[in-house]
Amino acid sequence: MLKEGLKIVLSGPSGSGKGTIVKELIKNETFVLSVSATTRMPRQGEEEGIHYFFKTKDEFCEMIKGEQLLEYAVFCDNYYGTPKSFIDECVENGKDVILEIEVQGAAQVKAIYPEAIFIFVIPPSLAELQNRLVGRNTETGDVIKKRLERAKEELYLYKEYDYVIINDNIVRAADYIEKIVCAEKLKSSRFEQAIETMLNYQGGY
Ligand code: ADP
Ligand code: 5GP
């Protein structure tokens with residue numbers, strides 16, 4: 001069986017609950033979150049290197065030029081991108097790395113790593129999405145409006161993903177993702193090497 005960890009791409013409209021689900025998932029130590037770089041301003045309580053690497057636009061452009069990013073995209077007027085080095089390190093160490101990224105970035109990852117698992121998180125309804133964004137109280141009304149408009153554009157892309165999770169309950173949503181990852185690890189295609197070793201066994205019996 002392959003010892004490499006999996007790459008799990010989690011997308012979905014802003015406010016659907018991706019961050020909250022990730023927090024639940026990483027209680028299990030096999031999962032790690034890929035910390036993205038962004039030009040967005042930190043929200044209250046967000047810490048450098050834990051929630052994001054906060055960059056100026058110039059710094060972000062330097063990362064692009066230096067080919068330090070696996071993917072990047074502009075989302076509602078800010079740049080967001082995944083640093084390459086951390087992903088490679090995690091996968092080599094057998095960790096399942098979660099990339100919590102929007103749809104354009106997910107498409108770039110799919111082109112590079114088609115074997116990654118693509119999961120789309122949706123809210124139970126758009127009214128609930130709005131309630132969650134308003135209730136989170138981290139964005140201005142204008143930004144919430146932009147994010148809700150963008151949500152519809154993102155929802156069109158659900159078929160690009162392997163799985164859809166309706167986040168009506170955090171614990172259940174995280175549990176479904178753990179089960180998906182478990183099933184993916186048991187796919188026959190991951191057992192080629194293990195079976196070959198058995199077939200080459202020349203026991204002394
Ligand atoms: P995202 O990371 O997708 O933008 P968040 O994880 O920040 O979304 O969640 C948006 C808001 O909705 C947060 O205030 C969070 O506490 C709340 N939330 C997330 N999941 C649920 C859920 N299943 N039921 C009720 N509220 C939720
Ligand atoms: P937020 O500002 O709410 O933290 O994130 C806004 C959107 O950017 C979310 O959909 C989030 O998943 C996405 N995002 C966060 N990091 C990255 C990244 O590294 N790359 C891409 N493409 N999107 C990201």
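Since every read-out is calculated from the coordinates, none of them should be taken as a lab result. Computed from a predicted structure; not experimentally measured. All Cβ positions, even for glycine, are placed from backbone atoms using ideal geometry, and neighbour counts span all protein chains on display.
For residue 95, list long-range residues whose amide hydrogen, built 1.01 Å from N in the peptide plane, is under 5 Å from its own amide hydrogen.
5
Less than 18 Å apart at the alpha-carbon level, and either on another chain or at least 8 residues along: which lysines does that give for residue 7?
18, 23, 27, 84, 95, 110, 179, 185, 187
Rounded if a/c is under 1.5, else prolate if a/b is larger than b/c, else oblate: which is segment 1-97, with a ≥ b ≥ c the root eigenvalues of its Cα gyration tensor?
Cα axes put segment 1-97 in the oblate bin.
Counting other Cβ atoms within 10 Å, keep those with at most 14, restrict to DSSP loop, and tell me which trypsin sites (Lys or Arg not before Pro) in segment 111-203 are left. The partial results should precede the final answer.
Values: sites: 132, 136, 145, 146, 147, 150, 152, 159, 172, 179, 185, 187, 190; in loops: 187.
The qualifying sites are 187.
Which value in deg cm²/dmol, rounded to the nearest 500, describes the helix-derived mean residue ellipticity at 222 nm for the chain, given -39,500 (n - 2.57) per DSSP H run of n ≥ 4 and division by the residue count?
Working: 8 runs with 86 residues, N = 205.
Result for the chain: -12500 deg cm²/dmol, rounded to the nearest 500.
Going by how many other Cβ atoms sit within 10 Å of their own, how do 182, 90 line up, fewest first?
In order of increasing Cβ crowding within 10 Å: 182, 90.
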